[in-house]
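K.L.:
First the structure, then my questions, so here it is.
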Amino acid sequence: MPAEWHSQISAYLVAQRSAGRPETTIYTRRQHLDHAARGLGGDPWAVTADALVQWTAEQEWARATRHGRRTTFRGFWSWGVETGRATVDAAAGLPVVTLGPPSPRPLPAAPLREAVAQADSRVLLILRLATEVGMRRGEIARARTDDLEADLVGWSLRVHGKGGRDRLVPVTDALAAEIRQHSGDYLFPGREDGHLSARYVGRLAADALPGAWTLHAGRHRFATLAHRESRDLLIVQDLLGHASP
């Protein structure tokens, strides 16, 4: 990453932390800006509106991803102008991204079995956390060994979700035993503040799954099965950590 970006991103994240933004949000913002730094290069305050629009247009992002990146970039360049670092808000001209209705695609049993048959222990645990706990890739990346808690009927896993919202999701004894075998701070150690990055967690799962199936489809599988069992949308909302049904 260009040094000019590194110092400015660090300062922006300090400002976000000072404003009380949740650590999960700060983590996401940093991921977005790190990617932009590598793609755009140079000085962030020298990036033009046209260059930023062109670069974002070249990315193969889903609409929801594009929406989130736009939010990050608008905040970063607006902060740059407010603090006198930049004279022009390069992100002000980014087109509005409208979000369409969700199109869940639950992971079927057959491709999951195929992935499980060839997965190593690390990838297998990643797949289980998505399909049995409904965790997002970023939540899986940040999962810690001490997030496992004994409850009145067995075990629950504390999931650190979006917006700083933690939730407790029940887990089976078998999955709890697998998690308890890990002795480090994080279930998936790496170079991203001590753990793997969310992007790498998603890549590991996608490489193991056949065809175009992704880790997030495992979360959709969990949601589908949870609703089939409970017939209660609010329970599923709580288990997934969604802000609304």
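The values are calculated or read from the model by the stated rules, or taken from the named source; none is laboratory data. No experiment lies behind these values; they were computed from the predicted model shown. All Cβ positions, even for glycine, are placed from backbone atoms using ideal geometry, and neighbour counts span all protein chains on display. For accessibility, only protein heavy atoms count, side chains too; no ligands or nucleic acids. Shrake-Rupley method; radii C 1.70, N 1.55, O 1.52, S 1.80 Å.
K.L.:
Where the centre of each part is set by its Cα atoms, how far does the stretch 172-245 sit from the stretch 123-151, in angstrom?
P.N.:
Cα centroid of the stretch 172-245 versus Cα centroid of the stretch 123-151: 5 Å apart.
K.L.:
Also, quick follow-up: Compare 111, 95, 22 in a GNM of the chain, Cα atoms joined below 10 Å, and give the one with the largest fluctuation.
P.N.:
In the Gaussian network model the winner is 95.
K.L.:
Oh, and also: Within the stretch 65-84, which residues have the backbone N less than 13 Å from the label spot 7 Å out from residue 15 along Cα→beta-carbon, could you tell me?
P.N.:
73-84
K.L.:
Now for a different question. Roughly to the nearest percent, how much of the accessible area of the chain is carbon and sulfur, given a 1.4 Å probe?
P.N.:
That share works out to 52 percent.
K.L.:
Of the trypsin sites (Lys or Arg not before Pro) in the stretch 59-105, which ones lie in a loop per DSSP and count no more than 15 other C-beta atoms within 10 Å?
P.N.:
85
K.L.:
Kirkwood hydrodynamic radius, the stretch 34-190, all distinct C-alpha pairs: what's the number in Å?
P.N.:
Result for the stretch 34-190, one decimal place: 18.9 Å.
K.L.:
Another question, then. What distance in nm lies between label points placed 7 Å from Cα along the C-beta direction at residue 162 and residue 207?
P.N.:
Label-label distance for residue 162 and residue 207, simple model: 2.7 nm.
K.L.:
Label points 7 Å out from Cα along the Cβ direction at residue 237 and residue 97: separation in nm?
P.N.:
Simple spin-label model gives 2.5 nm for this pair.
K.L.:
Follow-up question, since we're still on this one. Restricting to Cα pairs below 8 Å that are 6+ residues apart, what does the relative contact order work out to for the stretch 1-66? Please round to a whole percent.
P.N.:
Reported relative contact order: 41 percent.
K.L.:
In nanometres, what is the gap between the two model label sites at residue 174 and residue 57, each 7 Å from Cα along Cα-to-Cβ?
P.N.:
It works out to 5.1 nm between the two label points.
K.L.:
Sticking with this structure for a sec: Once you list every other residue whose beta carbon is under 14 Å from the beta carbon of residue 15, what net charge do they have if Lys and Arg are +1 and Asp and Glu are -1?
P.N.:
+4
K.L.:
Here's another thing I want to ask about it. When only C-alpha pairs under 8 Å and at least 6 residues apart count, what is the relative contact order of the chain, in percent?
P.N.:
Taking the mean separation of contacting Cα pairs over the length of the chain, I get 19 percent.
K.L.:
When Lys and Arg each count +1 and Asp and Glu each count -1, what net charge do the other residues less than 11 Å away from residue 73, Cβ to Cβ, add up to?
P.N.:
Every neighbour counted, the sum reads +4.
K.L.:
While we're here: Provide the gained length on full extension for the span residue 153 to residue 224, in nm with one decimal, where the gain is 0.36 nm per separating residue minus the Cα-Cα distance.
P.N.:
Between residue 153 and residue 224, full extension yields an extra 23.2 nm.
K.L.:
Next question. Counting only helical runs of four or more DSSP H residues, what would the 222 nm mean residue ellipticity of the chain come to if each run contributes -39,500 (n - 2.57) and the total is spread over all its residues?
P.N.:
The per-residue figure over the chain is -17000 deg cm²/dmol.
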